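A.B. asks: One structure follows; several queries about it will come next.
The values are calculated or read from the model by the stated rules, or taken from the named source; none is laboratory data. Computed from a prediction, not measured in an experiment: that's the story for all the values here. Here Cβ is always computed from backbone atoms with ideal geometry, including for glycine, and neighbour counts include all displayed protein chains. Each accessible area value is taken on the protein alone, full model and side chains, heavy atoms only, with ligands, DNA and RNA left out. Shrake-Rupley method; radii C 1.70, N 1.55, O 1.52, S 1.80 Å.
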Amino acid sequence: MAFKDVAGNVRIKRILKLALERGRVPNSLIFCGPEGVGKKDMALTLAKALNCLNPASDACDACDSCAAVDKGAHPDVMVIAAEKQEIKIEQIRLLKDLATLRPMTGRKRVFIVEDAETMSDAAAGALLKVLEEPPPHAHIVLVTASPFLLFPTIRSRCQTLAFAAVGREEIEEILLERDFDREQARIMALLV
């Protein structure tokens, strides 16, 4: 999935593509917004674009690196999810250790922390140490629906991008592009 395939949030896509073009993607990002607006998809697309073998302002979706990210098998892209409703300190310690290592096959190491607001206090403290001095080859994306639950010191060290809900018209247009007829697209967009 390239940026063009992620529904909605055109402003955020434009910001990320411009940062990629200029080689100035922040090392620490917070993707926040309501559930189901594509925050994780956007984070994975950013990871693909950062490691794409055909570098540009978007992922090519054709190279081996892009395919590996799609399969969840890229050695330099790691998704951290809560274990038993909490992100534990051991998970963040692993992130911290891996962040200091140079990328294995890609150009950048990308760590995506899902539901970042579920970090234990100890995990948040450990993450703060990485955010204070992030390695230049590592990017950390915190994905959350509740950024206000993150430590203020974490929020202050990250660039925050606020996602908005995807409108019905946008959903309908996407469905039309995917070969649904107009009536089906309209009904499905109403159900979302």
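A.B. asks: Restricting attention to the stretch 100-126, which residues are of a type in the set (A, V, I, L, M), within 17 Å of the chain's Cα centre (by Cα) and part of a helix (DSSP H, G or I)?
C.D. replies: Ala116 - this is the single residue of the stretch 100-126 that is of a type in the set (A, V, I, L, M), within 17 Å of the chain's Cα centre (by Cα) and part of a helix (DSSP H, G or I).
A.B. asks: Among what's in the stretch 56-81 and is touching a residue at least 40 places away in the same chain (Cβ under 8 Å) and open to solvent by 40 Å² or more (accessible area, probe 1.4 Å), pick the residue that is nearest to the chain's Cα centre (by Cα). Spell out the reasoning first.
C.D. replies: We begin by selecting, within the stretch 56-81, every residue touching a residue at least 40 places away in the same chain (Cβ under 8 Å); these are 57-61, 65, 70.
From what's left, open to solvent by 40 Å² or more (accessible area, probe 1.4 Å): 60-61, 70.
Details: Cys60: 17, Asp61: 16, Asp70: 13 Å.
Here the residue is Asp70.
A.B. asks: Another question, then. So, in the stretch 131-146, of the ones that are part of a loop (DSSP other than H, G, I, E, B) and of a type outside the set (A, V, I, L, M), which residue ends up farthest from Leu44 (Cα to Cα)?
C.D. replies: Start the filter on the stretch 131-146 by keeping residues that are part of a loop (DSSP other than H, G, I, E, B), which leaves 133-137, 145-146.
Okay, now just the ones that are also of a type outside the set (A, V, I, L, M), so 133-137, 146.
Working: Glu133: 23, Pro134: 19, Pro135: 20, Pro136: 19, His137: 17, Ser146: 20 Å.
Restricting to residues being part of a loop (DSSP other than H, G, I, E, B) and of a type outside the set (A, V, I, L, M), the top hit is Glu133.
A.B. asks: If you don't mind, another one. In the set Lys84, Lys96, Lys108, Lys129, which member is open to solvent by 20 Å² or more (accessible area, probe 1.4 Å) and in contact with a strand residue (DSSP E or B) (Cβ under 7 Å, 6 or more places away or on another chain)?
C.D. replies: Working: Lys84 fails: in contact with a strand residue (DSSP E or B) (Cβ under 7 Å, 6 or more places away or on another chain); Lys96 fails: in contact with a strand residue (DSSP E or B) (Cβ under 7 Å, 6 or more places away or on another chain); Lys129 fails: in contact with a strand residue (DSSP E or B) (Cβ under 7 Å, 6 or more places away or on another chain).
That would be Lys108, the only listed residue that is open to solvent by 20 Å² or more (accessible area, probe 1.4 Å) and in contact with a strand residue (DSSP E or B) (Cβ under 7 Å, 6 or more places away or on another chain).
A.B. asks: Same structure again: May I ask you to list pairs of residues, at least six apart or on different chains, whose Cβ atoms are under 7 Å apart, with the first in the stretch 143-154 being closer than 13 Å to Ile87 by Cβ and the second being of a type in the set (Ser, Thr, Tyr)?
C.D. replies: From residues that are closer than 13 Å to Ile87 by Cβ, the pairs are Leu150/Thr144.
A.B. asks: Exactly one of these conditions fails for Ala189: (1) in a helix (DSSP H, G or I); (2) within 22 Å of Leu44 (Cβ to Cβ). Give me its number.
C.D. replies: With (1) in a helix (DSSP H, G or I); (2) within 22 Å of Leu44 (Cβ to Cβ) applied to Ala189, the lone miss is (2).
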